[in-house]
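Just below is one structure, and these are the notes that go with it.
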Amino acid sequence: MTTPVLTGTHLAKSFGPTTALLDASVSVAPGEIVALMGPSGSGKSTLLHLLAGLLRPDAGTVELAGQRIDALSERRRSDVRLRQLGFVFQHGELVPELTVVENVELPLRLTGTKAGPARARALEMLDRLGVAAEADRRLSEVSGGQAQRAAVARALVHTPPVVLADEPTGALDTVTGELVLEAFVDAARDQGSAVVLVTHDLRVASYASRDILVRDGRTVAGAALEATPR
């Protein structure tokens, strides 16, 4: 059996008097696409943020590539995220002062890639996602859907071993949503990345090999999904 690259075990998280997660466990292997599904308020996004090290759990552990990350300092967790994770926020969260291509190449530049190769790789990813024509524009000059595709390009540009995405196609029409989902499939198939998608959309979930249901702060293993043929 393939060793998981990302594991969250018995995770719990509360925000003041509000309990977001009670007991959530996730394990994802290299090259696997997993859909986190469940009703609004069930704790899906909180679980994703815990797996990314953006939040610390109140209980439980998170391991990435054999390293427990929930116990690391904020600085160390930030470094792990930069080098080993790609994260797509629900609303993109790009840097408004930068152009589209500067946003996409940012993970490469921060990890030491020289300007020329970083720009070439960023443009390659933007082209794959159909937004290369917007490369030199500021965020104020592009649509929300174009910005979201750029956010996906930024998450994938450094070929991370794990990609986490929170409702990545929520702001996209069907055609551009398919481009994004194909990019995740390519990352899993060609790069061996583990991909975890939070979604309400069964069409998005159909790209996953299995789903995990999050309900009332707990995870429930879902049925294996028949991925859309590629």
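The values are calculated or read from the model by the stated rules, or taken from the named source; none is laboratory data. Everything numeric here is computed off the predicted structure, so don't read it as measured data. As a convention, Cβ positions derive from the backbone with ideal geometry for all residues, glycine included, and neighbour counts pool all protein chains shown.
With the structure loaded, tell me whether G43 is modelled with pLDDT of 95 or more, farther than 17 Å from V162 by Cα and either touching a strand residue (DSSP E or B) at 6+ places or on another chain (Cβ under 7 Å) or surrounded by 22 or more Cβ atoms within 10 Å (Cβ to Cβ) (or both) or whether it fails that test.
Here the answer is no, as G43 does not meet what is asked.
Out of the residues in the range 205-228 meeting the condition of being modelled with pLDDT under 85, of a type in the set (A, V, I, L, M) and in a strand (DSSP E or B), tell me which one is nearest to S42 (Cα to Cα).
Once the filter is applied, the top-ranked residue is A221.
Just give me the residues in the range 9-33 being in contact with a helix residue (DSSP H, G or I) (Cβ under 8 Å, 6 or more places away or on another chain) and either assigned to a strand (DSSP E or B) or over 17 Å from V162 (Cα atoms) (or both), in sequence order. Residues satisfying the conditions are L11, K13, A20, L21, A24, V26, I33.
The condition of being of a type in the set (A, V, I, L, M) and crowded, with 19+ Cβ neighbours inside 10 Å holds for only one of V152, V185, that being V152. If the condition is being surrounded by fewer than 18 Cβ atoms within 10 Å (Cβ to Cβ), of a type in the set (G, A, S) and farther than 25 Å from T174 by Cα, then the range 202-221 contributes only A221.
Scanning the range 155-165 for any residue that is of a type outside the set (D, E, K, R), in a strand (DSSP E or B), within 26 Å of V198 (Cβ to Cβ) and in contact with a Ser or Thr (Cβ under 6 Å, 6 or more places away or on another chain) turns up at least one such residue. If you go through the range 34-56 and keep only what is in contact (Cβ under 8 Å) with a residue 24 or more places away in the chain, small (G, A, S) and assigned to a loop (DSSP other than H, G, I, E, B), you end up with G38, S40, S42, G43, A52, G53. Name every residue in the range 60-105 that is aliphatic (A, V, I, L, M) and loosely packed, with under 14 Cβ neighbours inside 10 Å, in order of residue number. A71, V95 - these are the residues of the range 60-105 that are aliphatic (A, V, I, L, M) and loosely packed, with under 14 Cβ neighbours inside 10 Å. Pairing residues of the range 82-109 that are at pLDDT below 95 with residues that are outside any helix (DSSP H, G or I) and of a type in the set (S, T, Y), at Cβ distances under 7 Å and at least 6 apart in sequence or on separate chains, gives L82/T111; R83/T111.
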